[in-house]
Amino acid sequence: MPGVDDEPTCAAPPGALRPRIDRNRCTGRSDCVAVCPYGVFALGLLPPDQRGGLSLPGRLKGFAHGWKQSFAVRAEACRGCGLCVDNCPERAIRLERA
């Protein structure tokens, strides 16, 4: 996987940028978990109370994948290297200023 063995080039101090995950796109393939050098991501199940806010395609995709998604459980540790963005097959992650 690209970037896994490379030294990350992180321009931001921890917490300046945070990953934002598009719940309608994420299918929990865990590429972000594998490439993040700071342990920002973990896999989990989208809680039922958050499923209602998804679009119809998002609900269908969530159901098909068992509601498994990635979560930024340590968003404050993000250093903005962008490996998660570059490696997400669904293009579900973007970085935004905290």
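Each value in this text was obtained by applying a stated rule to the coordinates, not by laboratory testing. Predicted model only: the values in this text are computed from it and were never measured. So basically every Cβ, Gly included, is an ideal-geometry build from the backbone, and we count neighbours across all protein chains shown.
Sorting ILE21, ILE93 on the 10 Å Cβ count, fewest up front, what's the list?
With the fewest neighbours first, ILE21, ILE93 line up as ILE21, ILE93.
Expressed per residue, the C-alpha convex hull volume of region 28-97 stands at 96 Å³. For the chain, CYS26, CYS36, CYS78, CYS88 stand unpaired, since no other cysteine beta carbon lies under 4.7 Å from theirs. Ranking ASN87, LEU45, ALA11 by Cα position along the charge dipole of the chain, where only Lys, Arg, Asp and Glu carry charges on their C-beta atoms, puts LEU45 farthest toward the positive end.
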